[in-house]
Every structure is written in structure tokens, then in C-alpha cells.
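See structure below.
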Amino acid sequence: MFRYFLSASLFFLSTSCALFAQEKAALKDTVAQQDVNDIFKILFKKNKKADTVLKKNNSLALLPTIGYTPSTGFMFGAEVTNTRVFGDPNTTTLSIFDVFAAMSTNQLVFIQLKHNVYSDANKWNVEGSWELGKTVVLDHGIGTGKDDPGVSPIKYTYIKLYENVYRKIFDNFYAGAGIAFNYYTNIDDEKHDAINSKTRNHFYSVKNGFPTFGYAASGLLLNLQYDTRDQPFRAYKGLYANVTLRSNRKWLGSDHNATQIKTEFRKYFSLSRKNPEHVLAYWLWGSYLLKGAIPYLELPGTGSDINQRMGRGYTIARFKGPSYFYNELEYRFPITANKLISGVTFFNMQTANNQRNIQLFKYWEAGGGAGLRILFNKHTRTNLCLDYGFGNGSNGVFVGINEAF
């Protein structure tokens, strides 16, 4: 297991260094953009010209949302997003506050509060997410490269909290610490029968000493982060890398002690100086269990990122394991001359181990697809994403706000 983690880490670091050497100066869009607000003003003659500059360093938006994924079904909700710059806009990254509440046709109900705040000149960065919800996950078991054993729905209620505080050590490089608390309760294995049928969640929980009705995973976080992206919502250029050591501890309320290393890497190449929206984007995400045990519903896998966008083409948790690795390549391009509508194509691959005969990186599961983007706010680059994804025996439509990564 360690040699796989070491190989992935060396690849991660070598790729980061190589791509960092290719960084170029910021690109400026030389083609006028129009977003939904501009089109509205023109159609209703409120203003014949689209606004071209951001008049203030903060904005507040309320957006009713309608979404769909094969996991959630049709989702209806509302999102309030506030963006601010707490310092010199030339040296300070845009800060984001976001509140999102929704319910879906697949028994999902949740509210999520997220923030990513940068102080003047990015000296401090506070990042966190608080989420409470009730949902159902379609369980296919652990590991990749095996026949689909069938679906076993699991209903549960959850609380997920995490907070990280980063301090800038030198330009674009941060070190930080945080805490995470994940709690799962009211777990209902719909196909579980005490006499005739046992589910994979039941077998795993009993084998690893977890209660079958509910459990907690609480831990301390140590982080190293490098970030040169020009914008957090929809980067045209730059690099983002993050390494987290997570240590679940019983004295923090966790059912078991466990140690994990989590890595994330994103790289954005703008392919045109005239139209910087032509972007080639690359994403790596990995979670490696080094010691101990984590609960079944805590296993990393498809959709484990904070926005649950990983693995388009498959349902959430379709593939998972004690250790999991994911990578994706996406090409983004404008379609209309005014940049109101753009498109993407993407390809991804993921691999997971199990506790028996499947090793990490032994079997890969591929997915891909294409989508459209509608620009809501050109200043914050907020857009509506409509994607069609497909995979091995799986396909579906995925609707969301902002890019997948």
C-alpha cells in the first residue's frame, strides 16, 4: 500500500514542479463578454450597452436552482452567494460565502454553508464547510475492476463539518491546520434482513468494529497548499495543489483511530491570449488510508470532493475504497462570440482498492462526456453547467453551478 502512495506522491510532486515552471503572465480577455444580466438589460432596453467593468469589490446573488444527477434525481433549491475582496484586488484573491439549501426527488434534503476567505494580500486563508442533510446512496460495494454486484440503497442522516486555517509562508504557498467532524446516523440498509440478507455496509461495519446504525469520524488536519489560480470559480490559468494529513482520534469522538493522506492537484492552461476561456484543465484527487479503519459511508470514492462533482458519468459512491485515486482532463471553450454560451468536453478515470484482493491502481474505471455553460456573472465567472456523462454501464445528465473543478 505504501509503495502505491509513494509512487502517486512522487508523480504528484514532479508534475507540480514541471507545470509550475511553465507558468506565464496573466492573460487578459480582449473579446467583450456578455452574461445573462447583460442580455436581460438589452432585451428589456434597460441599458443598450453591456457593463464592462466591475464597479465594486463585492457582489451578492440569490439564485433559484434546479439540478439533476442520477444520484439525487431532480433537485430544487436556492443558493445565496456573496463575493468580496478584503484588500487590494491586485494582490488579494476573491473571497466567497455561499449558502445552499435543496431537496430532491430521490429523498435528499440538505443545507450547506461554505466559505473561502482571504485577508489582505492573502496573508491568511480560512476555508470551511458546514452541512446537515438526509439522503440515500446507491451502494455498489468496494473496489474497481469487478462485476457490478447490484445496487443496495442506504438511507442515512449526516452532519459534516470542517474548518481549515492557512497562513501564507511565502508567495502562493500556505501551511495550515484544521478539524473535521463527520457523523452518520439513522442508517437504514433497505435490503438488509437480519435472517436472510446481509448488506455490504453491514459486513464491512461488523468486520471493522463499527456500529451498523451510526458512527462518527472526527479528526485533526494538517495542510500544505500552493495556489496560483487567477480566480477560484473558473480559473483560466494557474496551479492549485493541496496535501492534507488527517488523523481521526477517539478522544475527538471518532469510533476508531485512523490516519489518511489526501492529495489534490489542479492545473489550468489557457490556450489563447485573445480568448483565455480556451482552457485545458487537469485534476488529480487521491485519498490513502495509512493506518486504522474508517466507516463505510466515509470511504473515499466517486463524488467525494466537497462539491460532489468527481466522476461525472457515475452515481455518487459508485466506486470507493479505503484508498482511492481519481484524475480528469477537461477542455473548455467559448461557443458564442459574446461568451454567453460555452462548452466543455471531459474524460476521467478512477481506481479504488478493497480489503481483500483488489489493489489500488490495479483496475481503472473510465468516464467521459460533454456539456454546455451559460454565463450568469462575467465578473465572478459564475455559470450554469449542463453536462451529459457516461461510463461503464452508466450515463446521466448532471446540472450544477460553476465548473466541476
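The values are calculated or read from the model by the stated rules, or taken from the named source; none is laboratory data. As the structure is a prediction and not an experimental result, all values here were calculated from the model. A quick note on method: Cβ atoms are made from the backbone with ideal geometry, for glycine too, and the neighbour counts reach across all protein chains shown.
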(message) Can you tell me which of (1) within 23 Å of VAL136 (Cβ to Cβ); (2) surrounded by fewer than 22 Cβ atoms within 10 Å (Cβ to Cβ); (3) of a type in the set (Phe, Trp, Tyr) is the one PHE319 doesn't meet?
(response) (2)
(request) Working only within segment 307-347, note down all residues that are modelled with pLDDT under 95, on the phi < 0 side of the Ramachandran plot and of a type in the set (Lys, Arg). (result) ARG309, ARG312, ARG318
(message) Taking the criterion of being assigned to a strand (DSSP E or B), over 30 Å from LYS362 (Cβ atoms), at pLDDT 95 or above and among the aromatic types (Phe, Trp, Tyr), would at least one residue in segment 163-172 satisfy it?
(response) yes
(message) I need the full set of residues from segment 148-162 which are modelled with pLDDT under 85 and not charged (D, E, K, R), in order please.
(response) PRO149, GLY150, VAL151
(message) On the basis of being at pLDDT below 85, among the polar types (S, T, N, Q) and either touching a Gly at 6+ places or on another chain (Cβ under 6 Å) or part of a strand (DSSP E or B) (or both), does THR52 make the cut?
(response) no
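Return a yes/no flag: does segment 374-381 have any residue that is at pLDDT 90 or above, β-branched (Val, Ile, Thr) and touching a Leu at 6+ places or on another chain (Cβ under 7 Å). Don't jump to the end; show me each part of the working.
From segment 374-381, those at pLDDT 90 or above are 374-375; that's our starting set.
Cutting the leftovers down to β-branched (Val, Ile, Thr) gives us 374.
Those left that are additionally touching a Leu at 6+ places or on another chain (Cβ under 7 Å): 374.
Yes, because at least one residue in segment 374-381 is at pLDDT 90 or above, β-branched (Val, Ile, Thr) and touching a Leu at 6+ places or on another chain (Cβ under 7 Å).
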(message) Which residue is farthest from TRP285 (Cα to Cα), if the candidates are limited to segment 369-393 and must be surrounded by 18 or more Cβ atoms within 10 Å (Cβ to Cβ) and among the small types (Gly, Ala, Ser)?
(response) GLY371
(request) Select the strands (runs of 3 or more DSSP E) contained entirely in segment 336-405, then report the ones holding at least 1 residues which are of a type in the set (Lys, Arg). (result) 365-377
(request) Check off (1) over 28 Å from LYS237 (Cα atoms); (2) part of a strand (DSSP E or B); (3) under 13 Å from the mean Cα position of the chain (by Cα) for ILE316 and give me the number that stays unchecked. (result) (2)
(request) Just name the residue that is surrounded by the fewest Cβ atoms within 10 Å (Cβ to Cβ) out of those in segment 82-127 that are part of a helix (DSSP H, G or I) and at positive phi. (result) ALA121
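Conditions (1) at positive phi; (2) of a type in the set (Gly, Ala, Ser); (3) within 18 Å of the chain's Cα centre (by Cα), marked per residue:
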residue: MET349; (1), (2), (3): no, no, yes
residue: ASN357; (1), (2), (3): no, no, no
residue: LYS362; (1), (2), (3): no, no, no
residue: LYS378; (1), (2), (3): no, no, no
residue: ASP387; (1), (2), (3): no, no, yes
residue: ASN392; (1), (2), (3): no, no, no
residue: ASN402; (1), (2), (3): yes, no, yes
residue: PHE405; (1), (2), (3): no, no, yes
(request) Kindly indicate the residue of segment 83-119 that is farther than 23 Å from LEU161 by Cβ and of a type in the set (A, V, I, L, M) and also farthest from the chain's Cα centre (by Cα) among those meeting that condition. (result) VAL85
